[in-house]
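Written below as structure tokens is the structure these notes are about.
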Amino acid sequence: METNWPASADGFELDADIAGTPNDLLSRSRELYSAFVRAGALILWRADMAGRMTAVTGWQAVTGRPDHEALGRGCLERFHPEDRHLLDFRNREIGDTVQAECRLLDKHGRWRWVRGRGVLIAASRGFPSEWVGTLEDIHDQRLALERARYLAERDALTGLGNRRTLIDQLIRLRGKEATATVVMLDVNRFKEINELHGHQTGDRFLVRLGQLLVAAAPPHSVCARMGGDEFCVVVADATEAEAFCARLDATRLTGVSIADLQIPFGFTAGIANAAWDVPDPVSTVLRHADLALFAARSAGRAVAHFEPAMQEEADARQQLSGLIALACRNDEFFLEYQPIIAIDSGETVSFEALVRWQHPQMGRIQPAVFVPLAEQNGTIAQLGRWVLSKACADLAAADPRLRINLNVSAWQLLELGFADTARDIARAHGVDPQRITLELTESSNMAAVATSPELTRLRSHGFRTALDDFGTEYAVLSHVSSGQFDAIKLSREFIAGCCCEDRARTVLRHVINLCDDLGMDVVAEGIETRDEFDCLRAAGVRLMQGFHFDRPGRLRARA
């Protein structure tokens, strides 16, 4: 094929003394240009002002098709229909250069990305104006770039959008002044799925859940995974949000199918409407949805809508969170003690130490408020040391036969060296650790804590241990037989069920028999009525505490 390429180019002139005849020079020139093309995966081309290719080389190296197929206007048929207009020079005012990235069909019927560059050469010395340029194969680079862009905008596990995708969508909706509602949701007890079936199954569960979210969401919505088991969906309004939650709830009833497993699941959701006239509206609506999620989770509800009071409560929690360490130093905390009664003799066998906070300006602050904050901000260890030290000081000044129970957060037991610290505090006050029972409060970390070396070391130092809140989702029966606890304390929820359901009372009797066989005590806390007392006594519970017997008070008054 005659391509009419020049016999030399700047920097690549052929040495006439070596090359031989003009035909040899032309042949060698073609070989050099062909080598250049192969080395750089390039197509060199010339085109007239009507857009007809007048010379092409390298077409076969890139596409696998012969070069002559690209002559005339035939080459345009090999480009993707959506890209052809970029390469059509007819009647276009495009200046004297052109550059475009487009898709070119190879011999295998696959589209390959190429970058086209062209320069217009003006008419001169009798030669007409024409275009010359290159088509460079950039397919691998383009795929790598698209992969990087995909990973930047997508969650690698589920294929859903990520936080960046979600924010970009909210920014677009704000630009169009369109309505938007955010649904923030997480999976209830997802940690148990991982622990029961393994992390690989947990990952597959999240992938399948992502598919369920997309199926339940409106077509125009954006679904994203925010991290872990937390997801977010942007819909048009609150009505769509509620309908989405209802559809997802319907799928929840059948569970998620993974191989031979049918895994049931629950979810908690927070809903917030976007307001574009507030400062930083995108961050604000995400924060509001998160606060609604927190409120739903705290109240044990499936779904909650954001209300301004939630922001006020969050601000108050944030303020309190920063005051806990200061309150420890200023002795704003104090302990009250509630007796644990042996109902057969009516004697007090121990006192449970209950921490209280009396703030100088805000007044009495409930433990249900400040203890979770201390766990979240990392001051629980400092608060726990204060409680243990104060209790030991009170115990040292009381009747030497007296015993106390102390609540211990699971986070404290995950702290390396906690057992030795507790022993040292007791020794400093001259208190025998055997007079102290440490009650492990419920936590999603219970499985890890129940096998914690710190728990074993506490028992080796002489401390007694009790499994608190038995009957909740965390304090499960398997921990009773672990040998790590001397007692269990029945949760209020479990007690309420036992007093009104025959099946629950049957379970309780079996639990009591099991604990008796293992030499463990069973304590019922929060007993407020005579009916509860009679029900639990009939079931075999022999240790109780609650307002039915006495209210918490100072320890010295009890000694």
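The values are calculated or read from the model by the stated rules, or taken from the named source; none is laboratory data. From a predicted model like this one, the values you see are computed outputs, not experimental measurements. Using ideal geometry, Cβ is built from the backbone for each residue, glycine included, and neighbour counts are taken over all protein chains shown. Ligands, DNA and RNA are stripped out before the accessible areas are found, and what is left, the full protein with its side chains, is counted by its heavy atoms. Shrake-Rupley method; radii C 1.70, N 1.55, O 1.52, S 1.80 Å.
Descriptive notes on the structure:
- So residue 163, is it free of Cβ contacts under 8 Å to residues at least 12 places away in the same chain and either open to solvent by less than 20 Å² (accessible area, probe 1.4 Å) or within 18 Å of residue 272 (Cα to Cα) (or both): no
- Checklist (1) at pLDDT below 90; (2) out of contact with any Gly (no Cβ under 9 Å at 6 or more places or on another chain) applied to residue 377, failing item: (2)
- When residues in segment 236-245 are screened for being more than 16 Å from residue 175 (Cα to Cα) and open to solvent by less than 60 Å² (accessible area, probe 1.4 Å), 6 of them pass.
- Considering residues of segment 104-147 that are in contact with a strand residue (DSSP E or B) (Cβ under 7 Å, 6 or more places away or on another chain) and among the polar types (S, T, N, Q) only, the residue surrounded by the most Cβ atoms within 10 Å (Cβ to Cβ): 134
- For segment 166-186, a tally of residues being touching a Cys at 6+ places or on another chain (Cβ under 8 Å) and loosely packed, with under 11 Cβ neighbours inside 10 Å returns 0.
- Matching entry among 504, 475 (being part of a helix (DSSP H, G or I), modelled with pLDDT under 90 and open to solvent by less than 60 Å² (accessible area, probe 1.4 Å)): 504
- Checking residue 422 against (1) in contact (Cβ under 8 Å) with a residue 60 or more places away in the chain; (2) open to solvent by less than 40 Å² (accessible area, probe 1.4 Å), the condition it does not meet: (1)
- Boolean, residue 447 is at pLDDT below 85, of a type in the set (A, V, I, L, M, F, W, C) and either over 21 Å from residue 525 (Cβ atoms) or open to solvent by less than 40 Å² (accessible area, probe 1.4 Å) (or both): yes
- All positions within segment 287-315 that are of a type outside the set (A, V, I, L, M) and either farther than 12 Å from residue 270 by Cα or in a loop (DSSP other than H, G, I, E, B) (or both): 300, 301, 306, 307, 308, 311, 312, 313, 315
- Within segment 323-335, if we keep just the residues that are in contact (Cβ under 8 Å) with a residue 12 or more places away in the chain and out of contact with any Lys or Arg (no Cβ under 6 Å at 6 or more places or on another chain), the residue that is nearest to residue 385 (Cα to Cα) turns out to be 328.
- Number of positions in segment 318-347 that are polar (S, T, N, Q) and open to solvent by 70 Å² or more (accessible area, probe 1.4 Å): 4
- Just one of the listed residues (204, 189, 252) is on the phi > 0 side of the Ramachandran plot and open to solvent by 60 Å² or more (accessible area, probe 1.4 Å), namely 189.
- Cβ pairs under 8 Å, 6+ apart, first in segment 117-142 and farther than 28 Å from residue 103 by Cα and in contact (Cβ under 8 Å) with a residue 40 or more places away in the chain, second surrounded by 12 or more Cβ atoms within 10 Å (Cβ to Cβ) and not aromatic (Phe, Trp, Tyr): 128/48; 128/49
- Candidates in segment 517-539 are the residues that are part of a loop (DSSP other than H, G, I, E, B) and farther than 22 Å from residue 437 by Cα; of these, the one that is most open to solvent (accessible area, probe 1.4 Å) is 528.
- Qualifying position, being farther than 30 Å from residue 222 by Cβ and modelled with pLDDT under 90, among 137, 155: 137
- When segment 260-299 is limited to residues that are open to solvent by 70 Å² or more (accessible area, probe 1.4 Å) and over 18 Å from residue 232 (Cα atoms), the one that is farthest from the chain's Cα centre (by Cα) turns out to be 277.
- Listed conditions (1) touching a residue at least 40 places away in the same chain (Cβ under 8 Å); (2) under 35 Å from the mean Cα position of the chain (by Cα) are all met by residue 152, apart from (1).
- Of all residues making up segment 110-130, the number that are modelled with pLDDT of 85 or more and of a type in the set (Phe, Trp, Tyr): 2
- Selected residue (criterion: farthest from residue 434 (Cα to Cα)) from residues of segment 349-377 that are open to solvent by 70 Å² or more (accessible area, probe 1.4 Å) and of a type in the set (S, T, N, Q): 361
- Taken over segment 63-77, the criterion of being surrounded by fewer than 18 Cβ atoms within 10 Å (Cβ to Cβ) and part of a helix (DSSP H, G or I) is satisfied by 68, 69, 74, 76, 77.
- Any hit, segment 47-62, residues being at pLDDT 85 or above, surrounded by fewer than 18 Cβ atoms within 10 Å (Cβ to Cβ) and of a type in the set (Val, Ile, Thr): yes
- Residue list for segment 390-416, restricted to those being open to solvent by less than 50 Å² (accessible area, probe 1.4 Å) and within 16 Å of residue 379 (Cα to Cα): 408, 409, 410, 412, 413
- Strands (runs of 3 or more DSSP E) lying entirely in segment 341-452 (those with 2 or more residues that are under 20 Å from residue 483 (Cα atoms)): 404-408, 436-440
- Residue 164 vs. criteria within 19 Å of residue 224 (Cβ to Cβ) and of a type in the set (Lys, Arg): yes
- Lone qualifier among 152, 156 - being assigned to a loop (DSSP other than H, G, I, E, B) and either more than 21 Å from residue 236 (Cα to Cα) or basic (Lys, Arg) (or both): 156
- Test: residue in segment 32-43 that is in a loop (DSSP other than H, G, I, E, B), open to solvent by less than 50 Å² (accessible area, probe 1.4 Å) and at pLDDT 85 or above: no
- Any hit, segment 257-269, residues being in contact with a Phe, Trp or Tyr (Cβ under 8 Å, 6 or more places away or on another chain) and under 24 Å from residue 166 (Cα atoms): no
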